[in-house]
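A.B. asks: I'd like to ask you about the structure that follows.
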Protein chains: 2
Amino acid sequence: MSSERRLPPAAHALINGDRRVLARLITGAENDDPGARAVLRAIYPRTGRAWLVGLAGPLGVGKSSLLNALISHLRGLGQNVAVVAVDPSSPFSGGSVLGDRIRLDRSPDDPGVFIRSMASRGHAGGLARATREVARLLEAAGFGIILLETVGSGQVDVEIREVATTSVVVLVPHLGDEVQTLKAGLFEIADVFCVNKSDLPGADRARRDLMEFASLGGGDPGWTVPVVATSATTPSGIPELWQAVEAHERYLDSSGKRIEGERRRLTQEILALAESRFVADLSRDPTLPRRLEPVLARRLDPETAARRWWVERRKGRT
Amino acid sequence: MSSERRLPPAAHALINGDRRVLARLITGAENDDPGARAVLRAIYPRTGRAWLVGLAGPLGVGKSSLLNALISHLRGLGQNVAVVAVDPSSPFSGGSVLGDRIRLDRSPDDPGVFIRSMASRGHAGGLARATREVARLLEAAGFGIILLETVGSGQVDVEIREVATTSVVVLVPHLGDEVQTLKAGLFEIADVFCVNKSDLPGADRARRDLMEFASLGGGDPGWTVPVVATSATTPSGIPELWQAVEAHERYLDSSGKRIEGERRRLTQEILALAESRFVADLSRDPTLPRRLEPVLARRLDPETAARRWWVERRKGRT
């Protein structure tokens with residue numbers, strides 16, 4: 001049974017380039033709205049070919065300017081480009097702390113550019129799921145290149161890494177102590193290093209250090225992580241940065257890593273979706289209150305209570 | 001069947017005050033070591049009466065000095081006190097970025113004080129579980145007061161809030177813009193506000209603002225969040241801060257909120273422990289590869305694949 005049989009009207013509008021429908025569906029996907037779910041099911045067969053390029057890096061490395069320069073470059077190449085900026089945000093408010101962080105200096109009327117901020121918390125099913133779904137909506141709307149920007153807070157970068165096909169890690173010549181400690185983590189997810197603000201002193205040194213680091217390998221033995229120096233304000237190095245991304249995307253195809261990555265990501269996605277259904281079953285299990293009582297009375301420890309519950313459910317006794 | 005029947009030797013040593021065994025068991029609990037698990041099961045009946053006091057607040061509000069002053073005060077009252085400092089850390093290395101953050105100016109030989117840093121990532125089963133288990137080990141080792149310190153990064157504070165019986169939110173008179181945006185989140189978890197560095201200009205204003213905020217209610221209608229001004233360096237306000245914590249702990253008893261909170265926390269704990277068992281079952285399900293294939297071929301969307309899996313497992317067909 002194909003999911004493609006009948007397209008809902010909103011899916012038609014999405015595919016035909018209606019940007020207001022796109023924006024509405026993204027919000028719907030973030031909120032787990034049934035209408036958006038139906039569209040996601042319907043468009044799924046049309047997705048999976050977009051480049052999802054992650055741009056990770058600490059605050060202050062100039063990612064907004066870099067995004068601006070990249071968008072100009074890609075528009076010059078005739079490419080549509082979408083940006084999803086994933087913001088750290090309060091887990092309480094659901095609001096986006098840095099919602100106004102990206103101020104891009106281009107016409108809001110250019111239909112070849114679409115920019116969206118996403119809060120990093122409060123998504124039913126997790127950030128990776130929400131980002132993946134937003135990317136599918138963008139791809140169905142005609143965006144073949146989707147830039148996923150994160151601000152270098154560990155857990156968010158890891159989740160986005162699970163979605164991106166190429167991860168660019170953006171650094172600057174000199175970083176404070178706190179950032180240094182994060183670098184070890186950022187290093188491990190990089191497919192491409194970008195030394196931005198390369199007009200600052202120390203840029204050559206930083207580039208050499210990163211190249212030395214990259215030559216040590218450690219990640220994918222078939223891919224040597226390139227180091228590109230950019231200056232988003234000049235701008236310089238932007239075409240070279242994009243060439244490095246293209247080279248990595250071509251490598252994914254030629255090496256079979258693209259399909260391997262897709263297999264891993266979809267396995268995780270199906271598992272996570274099934275898990276959330278079973279977890280919902282558990283929380284509705286009518287035996288939970290009576291299982292709690294001996295634990296509350298300190299006659300039985302929580303782990304043993306959980307193990308017995310698991311054993312009995314597997315035997316179909318509850 | 002009681003968990004208390006036979007105490008493992010390590011549990012005996014723990015209860016008898018052996019601090020090296022305590023330290024080893026904490027590491028064991030963090031690493032999900034079977035020996036530590038057995039001790040946790042055995043000591044569970046002896047736990048549940050400690051005060052778990054969370055101290056949350058952004059970096060730079062002087063929580064280390066405040067902890068120092070609080071420890072001195074509590075030791076003066078003849079209380080044993082343990083500190084668990086929960087650090088943000090790279091999800092990759094498992095290391096503790098701020099491991100050396102707490103430098104306390106007291107004798108390492110005082111058996112009435114125990115201090116431990118915990119990385120905020122990389123715990124099998126999550127941070128809340130690890131913290132809860134470490135607190136149980138500390139309680140069994142004779143610590144009736146356990147201070148849980150976090151650095152005000154949203155998600156960590158929320159998880160610790162789920163463990164603490166009283167949450168103290170520490171602020172200073174003037175905070176930068178970034179911190180202001182976090183405050184909304186911190187506000188919602190506070191049982192006690194502490195304005196530290198109250199010798200700085202603006203402290204009175206900050207105290208009045210917080211009292212006004214607290215008087216608006218919003219949280220527990222039976223508890224008005226007190227605002228205490230402290231200066232950890234002078235020191236001043238420390239006895240008053242502890243009195244506010246005591247008042248909240250007494251309120252928990254008199255209002256029935258303690259048992260209510262314990263019921264909620266233990267329900268969550270049992271659910272989370274059972275979930276992890278069912279999730280492990282899922283990832284070992286032999287039908288997963290054949291369920292992946294149509295999704296990979298884009299003939300079926302991930303959500304539908306997950307839903308069918310769930311339906312078939314519930315019917316016992318897989």
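A.B. asks: Place the label 7 angstrom along Cα→C-beta at B:S254 and in each other copy, then list the distances from the first to the rest in nm, shortest first.
C.D. replies: Relative to the other copies, B:S254 has label-point distances of 7.6 nm.
A.B. asks: Sorted by mean Cβ packing within 10 Å, highest first, what order do the peptides A:128-137, B:140-149 take? Could the numbers behind the result be given before it?
C.D. replies: Values: A:128-137: 24.3, B:140-149: 22.3.
Packing order, densest peptide first, comes out as A:128-137, B:140-149.
A.B. asks: For peptide A:235-248, how many partner chain Cβ atoms fall within 10 Å of a residue's Cβ, on average?
C.D. replies: On the way: counts 0, 0, 0, 0, 0, 0, 0, 0, 0, 0, 0, 0, 0, 0.
Whole-number average of other-chain Cβ neighbours for A:235-248 is 0.
A.B. asks: Can you check what the net charge comes to around A:V170, using other residues whose Cβ is under 11 Å from the Cβ of A:V170 (Lys, Arg +1; Asp, Glu -1)? Don't skip to the answer; put the middle values down first.
C.D. replies: Numbers: positive: A:K63, A:K197; negative: A:E149.
Around A:V170, the surrounding residues sum to +1.
A.B. asks: So how do B:28-39, B:52-63 stack up, highest first, on mean other-Cβ count within 10 Å?
C.D. replies: Numbers: B:28-39: 17.6, B:52-63: 23.4.
Averaged packing, sorted descending, gives the order B:52-63, B:28-39.
A.B. asks: Sticking with this one: Scan the range A:237-318 for trypsin sites (Lys or Arg not before Pro) in coil per DSSP, keeping those whose Cβ has at most 13 other Cβ atoms within 10 Å, and list them by number. Write out the running numbers ahead of the final one.
C.D. replies: Values: sites: A:R250, A:K257, A:R258, A:R263, A:R264, A:R265, A:R277, A:R284, A:R290, A:R291, A:R298, A:R299, A:R307, A:R308, A:R313, A:R314, A:K315, A:R317; in loops: A:R284, A:R298, A:R299, A:K315, A:R317.
Those satisfying the criteria are A:R284, A:K315, A:R317.
A.B. asks: Also: May I ask you to work out the translational diffusion coefficient for the range B:268-314 at 37 °C, viscosity 0.692 mPa s, via Stokes-Einstein with Rh from the Kirkwood sum over Cα pairs, reported in whole µm²/s? Could you put the intermediate results ahead of the total?
C.D. replies: On the way: Rh = 11.8 Å.
Using the Kirkwood radius from Cα pairs, D works out to 278 µm²/s.
A.B. asks: Just counting partner chain Cβ atoms within 10 Å, what average do the residues of peptide A:292-300 show around their Cβ?
C.D. replies: On the way: counts 6, 2, 3, 8, 7, 2, 10, 6, 7.
Averaged over the peptide's residues, the number is 6.
A.B. asks: Around A:L70, under 11 Å between beta carbons, what's the net of Lys plus Arg minus Asp minus Glu among the other residues? Working shown, then result.
C.D. replies: Details: positive: A:K63, A:R75; negative: A:E149.
Charge balance near A:L70 sits at +1.
A.B. asks: Related question: Going 7 Å from Cα along the Cα-Cβ axis for the label, what nanometre distances separate B:F213 from the same residue across the other copies?
C.D. replies: Here the equivalent label points are 3.7 nm apart from this one.
A.B. asks: OK, next. Averaged over peptide B:262-270, how many Cβ atoms belonging to another chain are found within 10 Å of each residue's Cβ?
C.D. replies: Working: counts 2, 5, 0, 2, 8, 8, 2, 7, 13.
Counting other chains' Cβ atoms within 10 Å and averaging over B:262-270 gives 5.
A.B. asks: Could you give the nm distance between label points at A:E212 and B:H73, where each point is 7 Å from its Cα heading toward the beta carbon?
C.D. replies: Using points 7 Å along Cα→Cβ, the separation is 5.0 nm.
A.B. asks: What residue in chain B has the Cβ closest to the axis turning B into A, and how close is it in whole Å?
C.D. replies: Value returned for chain B: B:F278, 3.
A.B. asks: I need the Kirkwood Rh of the range A:197-263: take the reciprocal of the average 1/r across all distinct C-alpha pairs and report it in angstrom. Kindly include the intermediate steps, with their values, before the conclusion.
C.D. replies: Details: mean 1/r = 0.0743 Å⁻¹.
Hydrodynamic radius (Kirkwood, Cα pairs) of the range A:197-263 is 13.5 Å.
A.B. asks: Next up: Taking the label point as lying 7 angstrom from Cα along the Cα-to-Cβ axis, what are the distances from A:P45 to the corresponding position in the remaining copies, in ascending order and in nanometres?
C.D. replies: When each copy's label point is compared with this one, the spacings are 6.3 nm.
A.B. asks: Distance from the Cα centre of the range B:255-318 to that of the range A:17-66, in angstrom?
C.D. replies: So the two Cα centres are separated by 25 Å.
A.B. asks: Here is a follow-up. Between B:R49 and B:V279, what is the label-to-label distance in nm when each label sits 7 Å out along the Cα-to-Cβ direction?
C.D. replies: For the pair B:R49/B:V279, the computed spacing is 3.5 nm.
Rule-based calculations on the coordinates, nothing more; no lab input. The structure presented is a predicted model; accordingly, all values stated were derived computationally and were not measured. In this analysis, Cβ positions are derived from the backbone assuming ideal geometry, glycine residues included, and neighbour counts consider all displayed protein chains.
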